Each structure stands twice: as structure tokens, then as C-alpha cells.
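Q: Pasting a structure here, questions to come.
The values are calculated or read from the model by the stated rules, or taken from the named source; none is laboratory data. Being a predicted model, the structure only gives us computed values, none of them experimental. Cβ coordinates were reconstructed from backbone atoms using ideal geometry, including for glycine residues, and neighbour counts include every protein chain displayed. Each accessible area value is taken on the protein alone, full model and side chains, heavy atoms only, with ligands, DNA and RNA left out. Shrake-Rupley method; radii C 1.70, N 1.55, O 1.52, S 1.80 Å.
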Amino acid sequence: ISEIKNANQKASNLVKQLLAFARKQILKKELIHINEVIENILNMLRRILKENIELNVLFAPDLPPIVADRNAIEIILMNLCVNANDAMPEGGEILVETRKTYRFEEDVKSLPWVKPGEFIVINISDTGIGMDKHTLEHCFDPFFTRKGPGKGTGLGLSSVYGLVQQHEGMIHVYSEVGKGTTFKIYLPITS
């Protein structure tokens, strides 16, 4: 019975990730404070991460609220932190930062779902193995993974991409082999 329950939960999670990737997951958007959402998930993240991984946060004070799905934001954070954890087999640091920024028309012109304006930015950086050019080009593709058989579905980053897009936001990734990776998630501030 326990195995059946575990298989059912894995299947449920896989369907949720597929729906998020397909941008068909129904979101329950509400007014949230991003620093508060991150603060609430930190203890769970610290339990999931290996003991040799240090998780640090740097919150910009007085950030305005955004309209977002709290659970979706938690899924984004979990996926990115678990990937960072896996990218640091010898240990290292994950830094989660928040700040406010402005994106101009030329910054968003290639993304028709994003409007210029003010954004909350969540940076998630790690000191891991980094990604080569091929991996960077395909990291958001569904079913693309560098993990071994049975260790990953290849849906984590594609789900993250889908959820960010459903929030009319954008995500950028910067990485160098041997120097780590930084994901920047831009979520719009709505008046």
C-alpha cells in the first residue's frame, strides 16, 4: 500500500509538472509579499539540501507585493534549489536574493507575454559545477536532463519556465563550467 501511495504521489507530481510546462495549470493568484513566501519555505529547503550546502538569503527591504500563486512560487524555488543542491556534489553555497528593478521595452520585446515596467527579481545562485553551452541552450527543454537514469524527469526547469511565463514574467540563466549558475526570475509588480 505504501508503494502504491508513493507511486501515486510521483504520478501526481509528474502531471502537475507537465501541466505547468504546458501552461495549463490553474493558478490561484493573490497578493503576496515575495520575501515572506521565501522566508516561509526556508526551513523546508534546509531539510532537503545536503548538510554540506549553505543556504543564505539577502532580502531587499520594503518590496511591494505582487499578484502571484504562492504554491507556484514555492515550486519554482524548490526546483531551482534542488537543482543547485545536485550541482554541488562536494558542497557549496546557495544564495537567494530579492530586489526590485525596471525592465524597458527593449528588454522584453522578444517575450510577447511580458510588459515593460517594474519587477521583483529573485536571484538564485549556486557555487556548483555550472553548465556548458549545450546544457544552457537546452536547460528549459522538457525531458532534458543531465542526471542519470531514474534520478530526474527533465521537467523541473521546464516547469519553472512555464510557471514564470504564466505569471507574465521572465527567467534568465547565467552559468559557467566550474563557476556556478544564477537564475534570475522577474515577476511583474502590478498596481
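Q: Go through the range 60-71 and give me each residue that's surrounded by fewer than 21 Cβ atoms within 10 Å (Cβ to Cβ) and either under 25 Å from LEU27 (Cα atoms) or in contact with a Phe, Trp or Tyr (Cβ under 7 Å, 6 or more places away or on another chain) (or both).
A: Of everything in the range 60-71, those that are surrounded by fewer than 21 Cβ atoms within 10 Å (Cβ to Cβ) and either under 25 Å from LEU27 (Cα atoms) or in contact with a Phe, Trp or Tyr (Cβ under 7 Å, 6 or more places away or on another chain) (or both) turn out to be LEU63, PRO64, PRO65, VAL67, ASP69, ARG70, ASN71.
Q: Please specify each residue of the range 30-59 satisfying the condition of being open to solvent by 50 Å² or more (accessible area, probe 1.4 Å) and in a helix (DSSP H, G or I).
A: GLU36, GLU39, ASN40, ASN43, MET44, ARG46, ARG47, ILE48
Q: Name the residues in the range 75-99 that are outside any strand (DSSP E or B), within 16 Å of the chain's Cα centre (by Cα) and either surrounded by 21 or more Cβ atoms within 10 Å (Cβ to Cβ) or of a type outside the set (Gly, Ala, Ser) (or both), would you?
A: Residues satisfying the conditions are ILE75, ILE76, LEU77, MET78, ASN79, LEU80, CYS81, VAL82, ASN83, ALA84, ASN85, ASP86.
Q: What is the number of the single condition among (1) touching a residue at least 60 places away in the same chain (Cβ under 8 Å); (2) more than 23 Å from SER159 (Cβ to Cβ) that GLU93 does not meet?
A: Result: GLU93 passes all but (1).
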